[in-house]
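Following: one structure in structure tokens, then a few remarks.
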Amino acid sequence: MKTGLVLEGGGLRGMFTGGVIDAMLDEDIRFDGMIGVSAGALFGCNLKSRQKGRALRYNVNLRKDPRYMGLRSLIKTGDIVGAEFSYHVVPFEIDPFDGETFKENPMDFWLVTTDIETGEPVYHQMKEFTHHELDWMRASGSMPAVSRPVKLDGRVMLDGGMVDAIPLKAFQKMGYERNIVVLTQPRDYFKKKSKLVWIIKQLTKKYPKVGEVMARRHDMYNEELEYIAAQEKAGNTLLIYPDKPLKIGRTELNEKKMRRVHRQGYEAARQMMPQIKDFLKG
């Protein structure tokens, strides 16, 4: 039975996931495969490259760099997360990603994007660390209205969380039958319809599917939560989640908050470590 790790996105809420990843690295927890959405992919990849602390480190170190993330980047480049700097400079020059370990690690690594011409999810397996593959990762984390669409391999893509925020069902269909799911919202969270849908529709008129999927995103997300709960009850899924709202914005590069959220994830995973190990034994 193949084991998997499913990682939700959520921008800087993903520091919780980063803490979970670091706790798993401390205990040498391994999976047959991992699938991440947006920040789940961006931070989760460090499990495959075996780089403890990297996600927190570069976010803290770059928090004041205008090339990285924020309004200045959005105005200057059209991307709230600077595309060239964040995906093609940081991982090669500033905080090097261990591409060799990533490639040699037998764990499969998948990420999710949204094809904004069709409104359908795209599941991409990233096998090596190259500039081309990093553009797939950029697509997975490119939030609508504050990011330019990523044109790659014949597709036009944005954030995978628009259409498959917690891709447990998709991963099961790929053959990963026993999964740990890391959420970045508390267990009782229920998503409401966004009040910004009309703004997103106006800003993405060229791609009307964006507005359509965002208008029903809350229904998709809540249905996925129901499915995950049913799979947990069936015994083939284990959940790790914060016990209370993380209280950090998607792009809030506040050092104290990032460290706090990371610590919450690390401690949550440490407390559950006996359950994690027993679960993975089957």
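Return the only residue of Arg178, Arg155 being farther than 19 Å from Ser38 by Cα and of a type outside the set (Val, Ile, Thr).
Arg178
Kindly check whether there is at least one residue in region 145-159 that is in contact with a His (Cβ under 6 Å, 6 or more places away or on another chain) and under 30 Å from Arg30 (Cβ atoms). Before the answer, list the steps.
Of region 145-159, the ones in contact with a His (Cβ under 6 Å, 6 or more places away or on another chain) are none.
The answer is no; no qualifying residue exists.
Region 162-261 holds helices (runs of 4 or more DSSP H) entirely within its bounds, and those carrying 1 or more residues that are closer than 18 Å to Met143 by Cα and over 20 Å from the mean Cα position of the chain (by Cα) map to 197-203, 208-215.
To keep it simple, each residue is scored yes or no on (1) small (Gly, Ala, Ser); (2) out of contact with any strand residue (DSSP E or B) (no Cβ under 8 Å at 6 or more places or on another chain); (3) more than 30 Å from Glu224 (Cα to Cα).
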residue: Gly99; (1), (2), (3): yes, yes, yes
residue: Thr114; (1), (2), (3): no, no, no
residue: Pro121; (1), (2), (3): no, no, no
residue: Lys127; (1), (2), (3): no, no, no
residue: Thr130; (1), (2), (3): no, yes, yes
residue: Val146; (1), (2), (3): no, yes, no
residue: Val156; (1), (2), (3): no, no, no
residue: Ala165; (1), (2), (3): yes, no, no
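All of Leu42, Leu47, Leu12, Leu25 fail the test of being more than 12 Å from the chain's Cα centre (by Cα), crowded, with 21+ Cβ neighbours inside 10 Å, at pLDDT 95 or above and part of a helix (DSSP H, G or I), apart from Leu47.
Residue by residue, here is whether (1) over 21 Å from Ala39 (Cβ atoms); (2) touching a Leu at 6+ places or on another chain (Cβ under 8 Å) holds:
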{"position": "Asn236", "(1), (2)": "yes, no"}
{"position": "Ile240", "(1), (2)": "no, yes"}
{"position": "Lys247", "(1), (2)": "no, no"}
{"position": "Glu252", "(1), (2)": "no, yes"}
{"position": "Arg260", "(1), (2)": "no, no"}
{"position": "Pro274", "(1), (2)": "yes, no"}
{"position": "Leu280", "(1), (2)": "yes, no"}
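Which one of Asp65, Asp115, Asp135, Asp79 is charged (D, E, K, R) and under 25 Å from Gly175 (Cβ atoms)? Answer to the check: Asp115.
Restricted to region 50-72, and to residues there that are assigned to a helix (DSSP H, G or I), of a type outside the set (Val, Ile, Thr) and modelled with pLDDT of 95 or more, the residue that is farthest from Pro121 (Cα to Cα) is Asn61. Residues in region 173-216 that are without any contact (Cβ under 8 Å) to a residue 60 or more places away in the chain, out of contact with any helix residue (DSSP H, G or I) (no Cβ under 8 Å at 6 or more places or on another chain) and under 30 Å from Ala269 (Cβ atoms): Lys173, Pro186, Arg187, Asp188.
The values are calculated or read from the model by the stated rules, or taken from the named source; none is laboratory data. Note that the structure is predicted; figures quoted are calculated from it, not measured. So basically every Cβ, Gly included, is an ideal-geometry build from the backbone, and we count neighbours across all protein chains shown.
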